[in-house]
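Inspection log for the structure reproduced underneath, given as structure tokens.
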Amino acid sequence: MKKLILIFATAIVWLSAYAQRERQLQEVTVVASRTTNNAEGYTTNLRGMDIAKGKPAVDVLGFLPNISRENGNFKINGLAASEIYVDGVKLSDLSELNNIPGEMIDKVQVKYLAGADQNASLSGGTIMITLRRPPEGGYYGSISANADWYRSCGFGNEGISGMINYRYKGLSVYDNLYAGATKVKDNSEQTMTGDNLHTFLTESSKSHSFDFRNRLSLTQQFNSGAQLGGSYLVSLYRPHPSSVSDNESLTSSVSSRKNIVLQEGTLRFSQPLSSRGSQMELTADYLNRHSRNNSSYFLDSEKTAALDETDNLNLWKFKADFSYPHSRTLIWKFGASAQFISSDYTPTDIVENDRFETSDIPTKTSGFTPIVYASAQGRVWKFKYSAGVNWQLNRISYEDCSVGNKSTNTQWSINPTVQVMMPFGSKMNHALMLSYKRTLSDIPYTAISSVINWSDTYNYTVGNPDLKAQSADIVMAGLSLLRNKINLTALYAYSHDRIYWQTFQSKETPDVFYAKPVNINGQGVWGFGAEWMEAPTKWWRFKLSGRIEITPENTTLDGIHYNKTRFKEYFYFNNNFRFGHGWGGMLNVNFEPTYRTLDRTYHAVYNVNGQIYKTFLGDNLQVALDFTPLGNRRKLDRQAGANKVSYKYTTPYSMSDSRLHGTSPEVRRWM
């Protein structure tokens with residue numbers, strides 16, 4: 001529970017070159033409210049707000065209504081955010097948000113649920129960030145450098161990043177660059193007990209890597225109102241993770257070298273079709289992820305197994321959207337999209353061993369997902385509504401290239417989405433919201449793959465090619481009071497053919513366990529949330545929020561029937577401070593009590609983290625210190641038949657646990 005992490009030497013140099021015309025246009029506008037509610041969610045104007053000062057965009061979002069950040073991922077009303085956009089470009093790497101200063105955000109649009117125009121597998125909502133537009137012939141940007149210090153391994157996560165937004169006549173240029181090195185070291189303990197099994201071991205895991213990422217976006221605005229834009233992202237990631245486990249009689253270890261290259265391209269064209277506001281938008285996306293991994297496995301320092309493997313993933317997506325304003329109170333939207341995915345996995349240089357299972361099956365996977373949708377948005381009396389429906393087909397093929405066996409799974413579904421919002425009160429400063437959505441999930445490619453991933457020398461994961469896609473029905477209700485100062489949310493979701501990563505014991509090696517995805521009975525969950533946002537003084541703004549999920553279980557795993565009602569709770573207290581003479585900061589407290597779900601128990605975690613910053617040279621230079629004085633990391637118990645496996649971190653809580661690295665360390669280990 002002891003914690004001392006100081007992230008210092010963070011120098012953020014704002015390279016602001018605003019034209020004099022832009023300085024004259026920075027007027028003070030008095031508005032009734034910065035937040036405007038609609039049927040799908042809300043839009044907030046952040047220009048000049050205190051919560052956007054002195055922090056990157058990733059920290060700003062946590063201060064907005066109905067948004068929380070849990071284990072490094074964003075949630076909207078308790079559902080994981082499906083997509084996050086910056087100026088219309090979808091982010092595949094959310095760490096880009098660390099490079100965008102909050103002061104550069106103009107507005108944020110939040111949609112509570114994914115719309116009918118999106119893939120039916122997306123249930124959670126969308127966050128759309130719009131940056132401030134530079135003046136004609138002007139630009140703004142930032143350069144930042146940072147280094148973290150950890151008690152366990154000293155300095156790590158050194159990096160330098162830069163971001164620039166430039167405008168010349170109708171051309172806008174956006175570039176987001178990062179280069180750095182990462183070093184992490186963790187210590188942990190595992191206990192395995194059961195019939196004829198009593199194993200205690202200590203584990204030390206560490207990783208160092210080189211990271212490089214650059215996104216370049218160009219947008220051309222034509223006099224006709226048409227707009228052509230393109231974005232290209234290249235990302236290089238070269239981690240070298242290793243793990244050493246010691247028990248009373250054996251030392252085992254696994255060491256890997258990975259080389260991951262990600263390329264992503266987006267091309268968008270929009271064209272007004274009439275003077276009434278009809279519009280067409282065409283989008284083409286391409287993504288390629290190529291990775292190579294070389295792993296070696298050791299027993300008492302002797303190399304006993306090895307594997308060299310390559311994985312190549314390609315995705316193409318084409319989409320056409322049309323909008324037609326029928327009247328001032330009704331807008332029609334319709335369109336279609338098609339997504340193609342192909343993946344090849346090739347293992348080579350295999351050295352097998354009875355103790356370590358390795359992936360020795362070359363596979364090919366492909367998927368085809370067409371979607372057709374139509375929706376309407378409008379207003380009837382005080383009611384604002386958005387209603388739509390889409391038809392979606394999921395076709396996935398999996399081939400075992402070693403024997404030539406090929407299987408195909410095809411599912412289709414009609415998925416409606418309905419959202420209604422009604423403002424009320426003498427000043428219309430309250431609102432009621434009601435939403436319904438049906439989802440059809442894609443089968444995750446990692447969930448059907450034969451690839452074996454060892455998280456340490458006693459635990460690994462493997463896919464299941466016989467999985468069915470999961471579907472769900474979601475109903476959400478909300479109440480907003482006093483222009484979003486108080487927000488109450490209730491949610492009910494029922495899933496069908498739920499995919500659950502069950503824990504199994506290895507038959508060959510009793511003290512080795514693995515997780516494999518299986519379909520289980522449908523399950524319902526209730527969720528209730530409340531938050532209070534207030535600014536008691538000019539220098540202090542806070543957000544106090546909590547949520548509880550109630551899950552009645554009725555599932556049998558490994559002959560054990562789970563029929564308890566489970567409770568999962570979250571509590572957050574975010575504070576933003578802004579003092580005089582360029583001083584400011586924030587202090588956040590998160591607490592998640594112990595909860596149970598089927599065969600697992602997640603013990604309580606909490607952390608207190610904050611930031612202090614000081615600006616100089618007319619706010620063009622900023623020095624910041626991030627700190628985490630207190631935190632408790634995850635302890636997890638799993639049941640595999642009659643056996644119990646407990647895992648506990650012994651390294652103090654680190655700031656990297658709460659950063660955006662995609663999936664939390666606990667999820668990566670046990671999924």
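Data for the structure
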quantity: Answer residue from the stretch 62-90, given it is part of a loop (DSSP other than H, G, I, E, B) and within 11 Å of the chain's Cα centre (by Cα) and is farthest from Ile127 (Cα to Cα) among those; calculated: Asn71
quantity: Within the stretch 442-486, tally of residues that are over 30 Å from Asn312 (Cα atoms) and not in a strand (DSSP E or B); calculated: 4
quantity: Some residue of the stretch 268-278 being surrounded by fewer than 15 Cβ atoms within 10 Å (Cβ to Cβ), without any contact (Cβ under 8 Å) to a residue 40 or more places away in the chain and in contact with a Leu (Cβ under 9 Å, 6 or more places away or on another chain); calculated: no
quantity: Of all residues in the stretch 305-339 being among the polar types (S, T, N, Q) and in a strand (DSSP E or B), the one that is surrounded by the most Cβ atoms within 10 Å (Cβ to Cβ); calculated: Ser337
quantity: So Arg379, is it surrounded by 14 or more Cβ atoms within 10 Å (Cβ to Cβ), touching a residue at least 40 places away in the same chain (Cβ under 8 Å), among the charged types (D, E, K, R) and not in a strand (DSSP E or B); calculated: no
quantity: Members of the stretch 562-571 found to be in a strand (DSSP E or B) and exposed (fewer than 13 other Cβ atoms within 10 Å of the Cβ), listed by number; calculated: Thr565
quantity: Residue within the stretch 532-540 that is closer than 26 Å to Gln411 by Cβ, surrounded by 18 or more Cβ atoms within 10 Å (Cβ to Cβ) and not basic (Lys, Arg) present; calculated: no
quantity: Matching option when the condition is surrounded by fewer than 16 Cβ atoms within 10 Å (Cβ to Cβ) and either under 30 Å from Trp501 (Cα atoms) or among the basic types (Lys, Arg) (or both), among Gly641, Gly618; calculated: Gly641
quantity: Residue selected from the stretch 483-520 under the condition closer than 21 Å to Tyr647 by Cα and touching a Pro at 6+ places or on another chain (Cβ under 9 Å), by the criterion surrounded by the fewest Cβ atoms within 10 Å (Cβ to Cβ); calculated: Trp501
quantity: Any chance Gly559 is under 30 Å from Thr358 (Cα atoms), surrounded by fewer than 18 Cβ atoms within 10 Å (Cβ to Cβ), at pLDDT below 95 and not acidic (Asp, Glu); calculated: yes
quantity: Of residues in the stretch 283-301 being small (Gly, Ala, Ser) and part of a strand (DSSP E or B), the one farthest from Ala226 (Cα to Cα); calculated: Ser296
quantity: Subset of the stretch 389-429 [touching a residue at least 12 places away in the same chain (Cβ under 8 Å), under 28 Å from Val451 (Cα atoms) and polar (S, T, N, Q)]; calculated: Asn394, Ser397, Ser402, Ser407, Thr408, Asn409, Thr410, Gln411
quantity: Hits in the stretch 90-114 (condition: surrounded by fewer than 21 Cβ atoms within 10 Å (Cβ to Cβ) and either under 28 Å from Ala477 (Cβ atoms) or of a type in the set (Lys, Arg) (or both)); calculated: Lys90, Lys107, Gln109
quantity: Residue within the stretch 243-253 that is among the acidic types (Asp, Glu), in a strand (DSSP E or B) and at pLDDT below 95 present; calculated: yes
quantity: First in the stretch 48-59 and without any contact (Cβ under 8 Å) to a residue 12 or more places away in the chain, second anywhere and outside any helix (DSSP H, G or I), Cβ under 9 Å, 6 or more apart; calculated: Gly48/Gln26; Gly48/Val28; Gly48/Thr29
quantity: Filter result for Gly618 (more than 24 Å from the chain's Cα centre (by Cα), within 30 Å of Asn146 (Cβ to Cβ) and either among the hydroxyl-bearing types (Ser, Thr, Tyr) or at pLDDT below 95 (or both)); calculated: yes
quantity: Failed condition for Gln271, given (1) of a type in the set (S, T, N, Q); (2) part of a loop (DSSP other than H, G, I, E, B); (3) under 28 Å from Gln339 (Cβ atoms); calculated: (2)
quantity: Test set (1) of a type outside the set (Gly, Ala, Ser); (2) buried (at least 19 other Cβ atoms within 10 Å of the Cβ); (3) over 22 Å from the mean Cα position of the chain (by Cα); (4) modelled with pLDDT under 85 - Leu122 fails condition number; calculated: (3)
quantity: Inter-residue pairs, beta-carbon under 9 Å, first within 22 Å of Asp619 (Cα to Cα) and in the stretch 131-154, second polar (S, T, N, Q) and assigned to a loop (DSSP other than H, G, I, E, B), 6+ apart; calculated: Tyr139/Ser16; Tyr140/Ser16; Gly141/Ser16; Ser142/Ser16
quantity: Some residue of the stretch 359-369 being at negative phi, surrounded by 15 or more Cβ atoms within 10 Å (Cβ to Cβ), touching a helix residue (DSSP H, G or I) at 6+ places or on another chain (Cβ under 8 Å) and not hydrophobic (A, V, I, L, M, F, W, C); calculated: yes
quantity: Tabulated pairs, the stretch 245-260, first without any contact (Cβ under 8 Å) to a residue 40 or more places away in the chain and surrounded by 14 or more Cβ atoms within 10 Å (Cβ to Cβ), second among the hydroxyl-bearing types (Ser, Thr, Tyr) and not in a loop (DSSP other than H, G, I, E, B), C-beta under 6 angstrom, 6+ apart or interchain; calculated: Ile260/Tyr237; Ile260/Ser291
quantity: So Asp511, is it closer than 30 Å to Val418 by Cβ and either modelled with pLDDT of 90 or more or not in a strand (DSSP E or B) (or both); calculated: no
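Results for (1) among the hydroxyl-bearing types (Ser, Thr, Tyr); (2) outside any strand (DSSP E or B); (3) under 27 Å from Asn293 (Cβ atoms); (4) touching a Pro at 6+ places or on another chain (Cβ under 9 Å), shown as yes or no for each residue.
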| residue | (1), (2), (3), (4) |
| --- | --- |
| Ser142 | yes, no, no, yes |
| Trp149 | no, no, no, no |
| Gly159 | no, no, yes, no |
| Ile164 | no, no, no, no |
| Tyr178 | yes, no, yes, no |
| Asn187 | no, no, yes, no |
| Thr191 | yes, no, no, no |
| Lys206 | no, no, yes, yes |
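The values are calculated or read from the model by the stated rules, or taken from the named source; none is laboratory data. These numbers come from a predicted model, not from an experiment. Using ideal geometry, Cβ is built from the backbone for each residue, glycine included, and neighbour counts are taken over all protein chains shown.
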